[in-house]
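Asker: This is the structure I have questions about; it appears just below.
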Amino acid sequence: MFAHGVASGDPYPDSVLLWTRVTPSAEATPGSGLGPAVTVNWEVATDPAFSRVVSKGSAKTGPERDHTVKVIAGRLEPGTPYWYRFSVGRAVSGAGRTRTAPATGAPVDHLRFGVVSCTNYQAGYFSSYRHLAERGDLDAVLHLGDYLYEYAPGEYQARDVVVRPHDPTVEMTTLAHYRRRHGQYKTDPDLQALHLAAPFIVTWDDHEAANDAWSGGAENHTEGAEGLWSERRAAANQAYAEWMPVRYEPGGPLFRRLDFGALASLSMLDLRSYRSQQAANGVDPAVDSPERTITGAAQMDWLLGNLTSGGPQWKLVGNPVMIAPVRIPSTLSLAEVAGVQKLMGGTTIDGVPYNVDQWDGYEADRSRVVRHLRDQGIKDTVFLTGDIHSGWACDLPADPLTYPTTGDSVAAELVCTSVTSDNLDDILNAPPRTSSLAVEAAIRTANPHVKYLDFDSHGYSVLDVTPAGVRMDWYVLADRTVQASAATLATSFTVGAGTGKAVPATGGVL
Ligand SMILES: [Fe+2]
């Protein structure tokens, strides 16, 4: 009955969202539109044996919502662990563990999050999810986008190795496709284990719909032959709302803020629904046009409103694409530049390769954020970023051209690598940590605000937040094609309170 597991998400001080999907009959497969209506019961307890149930109810589902169930379990206590489960008749789901957020404004001495992005099923196993699930110390998991990929089997694989082929066997473009692909991902045992272990806080990047999506289309969308973008986007969004443990319904915003007492706010951005089209070529002056946007006006106003001195101390931003500027030096070989451009979706501007799918392609919006932080004297902003399939620790300079000689850093950016998706060694078809090392060194020299860069590894991050600092640990997998792969700590960086700068961390393992 519960073949796709259970999940929780978006913890508030007094409520949490619970999710499951039921299979009441053999034909009720994801995307089939078949199967009967069902009433699903749910309960929340303060103990894993469910002897003290504190909240319960029931919800109807059926083929109109692909037999998924989303409920808000309310009247919970802040900062408290809970266990939840679902049942239909005598069939009972696994018991998930979740945790509410601390009370609004309450002092909090410590928070810990798993941080992941770019989980391409075809490219390998979700060992990172299993390692995070086994920790048992996470308040929540932040998934920064590319939770699933749209491609047909074999597409988007630089090394020509398909570890596990996608289902359905076509690029997803219709509601049935999106539902069925979500269903495939939700059968992964490591993914199910992490959803069981902790609430998720998610946002999407592009691949939840199609590569390099913008408000009116996508690089990987052919208008007409693949239908209308507006209809494809609506199908992707509907399946996302059905299948993800997120407080989002089609037509409403995905961008939203969660608070963790007085210690941290978390602004989760949607950088795909409102953005202008990516700049078309290397000399396109539109990159810095004030008319172009990556956030849209309403989300920008909301974001700047969240980045104020009055609220929680740390202003964490769940940011699907990098905000720190990255200039790709012209000293690289043509093959290296081509590899970096493929990884970073780049084009060339004034002879300097550039990633126009990141904030780099929307300079007016980036300066709005940077100027706001500088002019208002806002400290303690940390951007948590995915998308780029590589690990980075960066400062966000007020002026990158003079940094660090003059000017200052207004925030730090910590970027987790991909769980499985291809990165530079895959694209260059080289052994890990060989030919990429020179590229990383050249990019760091050309960008002194970049303190750490690993273009090759796959894995996950752990984020620890205290009043004194925000620390990220990057863990890397031995082999993404082996489900039982070990993970080892690669490096750790800390952003000290009031500094806006990422520096190497000291003091052991989290
Ligand atoms: Fe990705």
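The values are calculated or read from the model by the stated rules, or taken from the named source; none is laboratory data. What you see is a predicted model; the values in this text were computed from it and never measured. Quick reminder, even Gly has a Cβ in these numbers, built from the backbone with ideal geometry, and neighbours come from all protein chains shown. These area figures cover heavy atoms from the full protein model, side chains too; ligands, DNA and RNA do not enter into them. Shrake-Rupley method; radii C 1.70, N 1.55, O 1.52, S 1.80 Å.
Asker: When the dipole is taken about the Cα centre of region 1-100, and only Lys, Arg (+1) and Asp, Glu (-1) are charged at their Cβ, what size is it in debye, to the nearest 20?
Answerer: On the way: 11 positive and 8 negative charges, 34 e Å.
Charge dipole, region 1-100, about its Cα centre: 160 debye, nearest 20.
Asker: Enumerate the residues in region 357-384 having an amide nitrogen under 15 Å from the point lying 7 Å beyond the Cα of T402 toward its Cβ.
Answerer: Correct set: 371, 374-375.
Asker: To continue, here is another question. With angles folded into 0 to 90 degrees, how steeply does helix 229-243 sit against the dominant principal axis of the chain? Use alpha carbons for both and round to 10.
Answerer: That works out to roughly 50 degrees.
Asker: Would you give the gap between the C-alpha center of region 106-161 and the C-alpha center of region 209-249, rounded to a whole Å?
Answerer: So the two Cα centres are separated by 21 Å.
Asker: I'd like the orientation of helix 297-306 relative to the chain: the angle between its Cα long axis and the longest Cα principal axis, in ° from 0 to 90, rounded to 10.
Answerer: Between helix and principal axis, roughly 90 degrees.
Asker: Across 10 Å bins from 0, what is the distribution of all Cα-Cα pair distances for region 324-427, in whole percents?
Answerer: The calculated distribution, bin by bin, is 14, 42, 34, 10, 0.
Asker: Another question about this same structure. Assign unit charges at the C-beta atoms only (+1 for Lys and Arg, -1 for Asp and Glu), then state the dipole size of region 75-213 relative to its Cα centre in Debye, rounded to the nearest 20. Please report the intermediate quantities before stating the final value.
Answerer: On the way: 14 positive and 17 negative charges, 159 e Å.
Taking the Cα centre of region 75-213 as origin, the dipole is about 760 debye.
Asker: Then there's this: Loop only by DSSP, 16 or fewer other Cβ within 10 Å of the Cβ. Give me the trypsin sites (Lys or Arg not before Pro) in region 432-506 that pass, ordered by residue number.
Answerer: Numbers: sites: R433, R444, K451, R471, R480, K501; in loops: R433, R480, K501.
Here the sparse-neighbourhood loop sites are R433.
Asker: Moving on. Mind checking the dipole of the chain: about its Cα centre, +1 per Lys or Arg Cβ, -1 per Asp or Glu Cβ, Debye to the nearest 20? Don't jump to the answer; show the numbers that get you there.
Answerer: Details: 42 positive and 58 negative charges, 314 e Å.
Taking the Cα centre of the chain as origin, the dipole is about 1500 debye.
Asker: Moving on. Using a probe of 1.4 angstrom, how much of the accessible area of region 87-167 is carbon and sulfur, in percent?
Answerer: Values: 1350 of 2800 Å².
The C+S portion of the solvent-accessible surface of region 87-167 is 48 percent.
Asker: Can you tell me the orientation of helix 363-376 relative to the chain, as the angle in degrees between its alpha-carbon axis and the longest Cα principal axis, to the nearest 10?
Answerer: Between the helix axis and the principal axis of the chain, the angle is about 90 degrees.
Asker: A further question on this structure: With the dipole of region 97-212 worked out from charges on the C-beta (+1 for Lys and Arg, -1 for Asp and Glu) around the Cα centre, which of Q122, A193, Y156 lies farthest toward the positive end?
Answerer: A193
Asker: Just how many % of Cα pairs in region 121-258 lie over 28 Å apart, if you round to the nearest whole percent? Don't skip to the answer; put the middle values down first.
Answerer: Details: 1675 of 9453 pairs.
In whole percent, the long-distance tail amounts to 18.
Asker: Are there trypsin sites (Lys or Arg not before Pro) in region 27-116 that DSSP puts in a loop and that have at most 16 other Cβ atoms within 10 Å, and which ones? Don't skip to the answer; put the middle values down first.
Answerer: Values: sites: R52, K56, K60, R65, K70, R75, R85, R90, R97, R99, R112; in loops: R52, R75, R90.
Listed in order of number, the matching sites are R52, R75, R90.
Asker: Return the FRET efficiency for the residue pair T308, A95: r is the Cβ-Cβ distance, R0 is 45 Å, and the value is rounded to the nearest 0.05.
Answerer: Working: r = 40 Å, r/R0 = 0.88.
Efficiency at R0 = 45 Å is approximately 0.70.
Asker: Same structure again: Output wanted: per-residue J couplings in Hz (rounded whole) for region 484-491, from phi through Karplus 6.51 cos²θ - 1.76 cosθ + 1.60, θ = phi - 60°, x for Gly and Pro.
Answerer: Per residue, the Karplus-derived 3J(HN,Hα) values read 8, 3, 6, 10, 10, 6, 8, 6 Hz.
Asker: Given 37 °C and 0.692 mPa s, how large is the Stokes-Einstein diffusion coefficient of region 101-504 in µm²/s, with Rh as the Kirkwood radius over Cα pairs?
Answerer: Numbers: Rh = 21.1 Å.
This corresponds to a translational diffusion coefficient of 156 µm²/s.
Asker: Express the relative contact order of the chain as a whole percentage, based on alpha carbon pairs under 8 Å and six or more residues apart in sequence. Please list the in-between numbers first.
Answerer: Working: 1333 pairs, mean separation 73.5, N = 510.
The value is 14 percent.
Asker: If you count only protein heavy atoms with a 1.4 Å probe, what accessible area per residue comes out for the chain, rounded to a whole Å²? Present the calculation step by step, with values, prior to reporting the outcome.
Answerer: On the way: 17640 Å² over 510 residues.
Here the residues of the chain average 35 Å² of exposed surface.
Asker: Sticking with this one: Can you tell me the length gained on complete extension of the stretch L510 to A441, counting 0.36 nm per residue apart and subtracting the Cα distance? Each step should come with its number before you reach the end.
Answerer: Numbers: separation 69, 0.36 × 69 = 24.84 nm, distance 2.76 nm.
Extra length available between L510 and A441 comes to 22.1 nm.
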